[in-house]
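J.: There's a structure below that I have some questions on.
The values are calculated or read from the model by the stated rules, or taken from the named source; none is laboratory data. Small disclaimer: the values here were computed from a predicted structure and weren't measured. Backbone-built Cβ (ideal geometry, glycine too); neighbour counts: all protein chains shown. Just the protein is used for accessible areas: all its heavy atoms, side chains included, with ligands, DNA and RNA removed. Shrake-Rupley method; radii C 1.70, N 1.55, O 1.52, S 1.80 Å.
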Amino acid sequence: MLRQTKSPLLSLPGAVPAEGPDEGVAAHYGDLFREQRALASGSGFVDLSHRGVVTVTGPDRLSWLHLLLTQHVSELPPGQATQALILSPHGHIEHALYLVDDGETTWAHVEPGTQGELIAYLESMKFFYRVEVADRTDDVAVVFLPAGSVVEAPEGVVVRETAYGRDLFLPRERLEEFAAEHGPAAGVLAYEALRVEGHRPRVGLETDHRTIPHELGLIGEAVHLQKGCYRGQETVARVHNLGKPPRRLVFLHLDGSVVTLPAHGDAVRLASDGPEGRQLGFVTTAVRHHELGPIALALVKRNVPTDAELLVGEGTAAAQETVVEP
């Protein structure tokens, strides 16, 4: 069973607990769209303290991680954010690590509850390398500040800065103090809405047991094609050089009159085939966006025409935008 960490910020006024993979933090604090607009304008923060936090220390940490990850990290400069995957021997995505090195320690946050499995794999690959792997989830909380935020990270806190915001690796004991000083908080549903808008895939939602990086557009972003061997590299190279992935990620604009959002796993079909037509993919994440209305990400077969009108679930109309080229 996955171990989830319950946030003390669930005691804030209006907090409604999230469900599913985000259990342990607030889905929202009473006003989903206000919280989205705040993040989009660069204000507020998101409590992501349910996410797993893993550190690697030791003089060999970057060269060792370079051998295991899909990303080129052997010369990762301090403070530079990157993203990397761990693949199965067949090239399927198992873990996504959101990384930064502070010059002495490599920090990563991962999907909630998956840190134990990740650490077990890393420990099995230590061999003679001078590295130490630690689960820091119990004492370090991830907090997200959106792009444009003027909040300064507390002194001594490791920061992972990206184009869409900053991840703070905040001592968990300081989480309530941070919230009091830099609120109001936005819930994870607001964060997810902006993630879907930005076409950013998430392991466990946009993936299943056979997802390869090419299907999600992660070549380059999380997979470096000019580095040495790592587990699953043969599949990555073969698909990149000789073929096309069997599926592709798409962005969907859903019928604005939809009352209930499609669920994860709901079927995607061609509108011309009707609701009884052949399933061509599945919905991965569906959200309500403060400007775009109901939107979603989905994985569909590569040969689905890019201009085809689609149906999702029991018959919700959907127009697609290309994320990964067929």
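J.: Just to be sure I understand the filter: pairs with C-beta atoms under 7 Å, separated by 6 or more residues or on different chains, first member in the stretch 34-50 and under 24 Å from residue 139 (Cβ atoms), second member surrounded by 20 or more Cβ atoms within 10 Å (Cβ to Cβ) and among the aromatic types (Phe, Trp, Tyr). Which pairs pass?
T.: Taking only residues 6 or more apart or on different chains, the pairs are 45/144; 46/144; 46/191; 48/144.
J.: Here's another thing I want to ask about it. List pairs: first in the stretch 312-326 and more than 17 Å from residue 254 (Cβ to Cβ), second of a type in the set (Lys, Arg) and outside any strand (DSSP E or B), Cβ under 8 Å, 6+ apart or cross-chain?
T.: Qualifying pairs under 8 Å: 326/244; 326/302.
J.: Kindly indicate which of 40, 108 is under 21 Å from residue 147 (Cα atoms), open to solvent by 10 Å² or more (accessible area, probe 1.4 Å) and of a type in the set (A, V, I, L, M, F, W, C).
T.: Details: 108 fails: open to solvent by 10 Å² or more (accessible area, probe 1.4 Å).
Step by step, each of 40, 108 is checked, and only 40 is under 21 Å from residue 147 (Cα atoms), open to solvent by 10 Å² or more (accessible area, probe 1.4 Å) and of a type in the set (A, V, I, L, M, F, W, C).
J.: List pairs: first residue in the stretch 74-87 and in a loop (DSSP other than H, G, I, E, B), second residue open to solvent by 20 Å² or more (accessible area, probe 1.4 Å) and of a type in the set (Phe, Trp, Tyr) anywhere in the structure, Cβ distance under 9 angstrom, at least six positions apart or on different chains.
T.: 81/98
J.: What do you reckon, is residue 178 surrounded by 18 or more Cβ atoms within 10 Å (Cβ to Cβ), part of a helix (DSSP H, G or I) and of a type in the set (Phe, Trp, Tyr)?
T.: Values: surrounded by 18 or more Cβ atoms within 10 Å (Cβ to Cβ): yes; part of a helix (DSSP H, G or I): yes; of a type in the set (Phe, Trp, Tyr): yes.
Yes; evaluated as a whole, the condition is true for this residue.
J.: Restricting to the stretch 218-231, name every residue that is surrounded by 18 or more Cβ atoms within 10 Å (Cβ to Cβ) and over 23 Å from residue 200 (Cβ atoms). Walk me through how you get there before you give the answer.
T.: Taking the stretch 218-231 as the starting set, the residues that turn out to be surrounded by 18 or more Cβ atoms within 10 Å (Cβ to Cβ) are 218-219, 222-224, 230-231.
Passing the criteria: only 231.
J.: Inside the stretch 95-115, can you point out the residues that are touching a Leu at 6+ places or on another chain (Cβ under 9 Å) and over 22 Å from residue 206 (Cβ atoms)?
T.: Listed by number, the residues that qualify are 100, 101, 106, 107.
J.: Looking at the stretch 117-156, which of its residues are surrounded by fewer than 17 Cβ atoms within 10 Å (Cβ to Cβ), assigned to a loop (DSSP other than H, G, I, E, B), small (Gly, Ala, Ser) and in contact (Cβ under 8 Å) with a residue 24 or more places away in the chain?
T.: If the condition is that a residue be surrounded by fewer than 17 Cβ atoms within 10 Å (Cβ to Cβ), assigned to a loop (DSSP other than H, G, I, E, B), small (Gly, Ala, Ser) and in contact (Cβ under 8 Å) with a residue 24 or more places away in the chain, then 147, 148 are the ones that fit.
J.: I need the full set of residues from the stretch 64-83 which are out of contact with any helix residue (DSSP H, G or I) (no Cβ under 8 Å at 6 or more places or on another chain) and open to solvent by less than 40 Å² (accessible area, probe 1.4 Å), in order please. Reasoning before the result, please.
T.: Taking the stretch 64-83 as the starting set, the residues that turn out to be out of contact with any helix residue (DSSP H, G or I) (no Cβ under 8 Å at 6 or more places or on another chain) are 64-67, 69, 71, 77-83.
Listed by number, the residues that qualify are 64, 65, 66, 69, 71, 81, 82, 83.
J.: Next question. Collect the residues in the stretch 84-93 that are surrounded by 19 or more Cβ atoms within 10 Å (Cβ to Cβ) and of a type outside the set (A, V, I, L, M), keeping them in residue-number order. Full working, then the answer.
T.: Initially, the stretch 84-93 is screened for residues surrounded by 19 or more Cβ atoms within 10 Å (Cβ to Cβ), giving 84-87, 91, 93.
Within the stretch 84-93, just 91 meets the criteria.
J.: Still on this structure, please answer the following. If you take the residues in the stretch 44-63 that are out of contact with any Gly (no Cβ under 8 Å at 6 or more places or on another chain) and in a loop (DSSP other than H, G, I, E, B), which one is least open to solvent (accessible area, probe 1.4 Å)?
T.: 48
J.: Looking at this structure, is residue 130 within 22 Å of the chain's Cα centre (by Cα) and of a type in the set (Lys, Arg)?
T.: no
J.: Can you pull out every residue in the stretch 157-169 that is under 27 Å from residue 59 (Cβ atoms) and either open to solvent by 80 Å² or more (accessible area, probe 1.4 Å) or without any contact (Cβ under 8 Å) to a residue 60 or more places away in the chain (or both)?
T.: Hits for the stretch 157-169 are 157, 158, 161, 168.
J.: With the structure loaded, tell me whether residue 14 is buried (at least 21 other Cβ atoms within 10 Å of the Cβ) and assigned to a loop (DSSP other than H, G, I, E, B) or whether it fails that test.
T.: Values: buried (at least 21 other Cβ atoms within 10 Å of the Cβ): no; assigned to a loop (DSSP other than H, G, I, E, B): yes.
No; evaluated as a whole, the condition is false for this residue.
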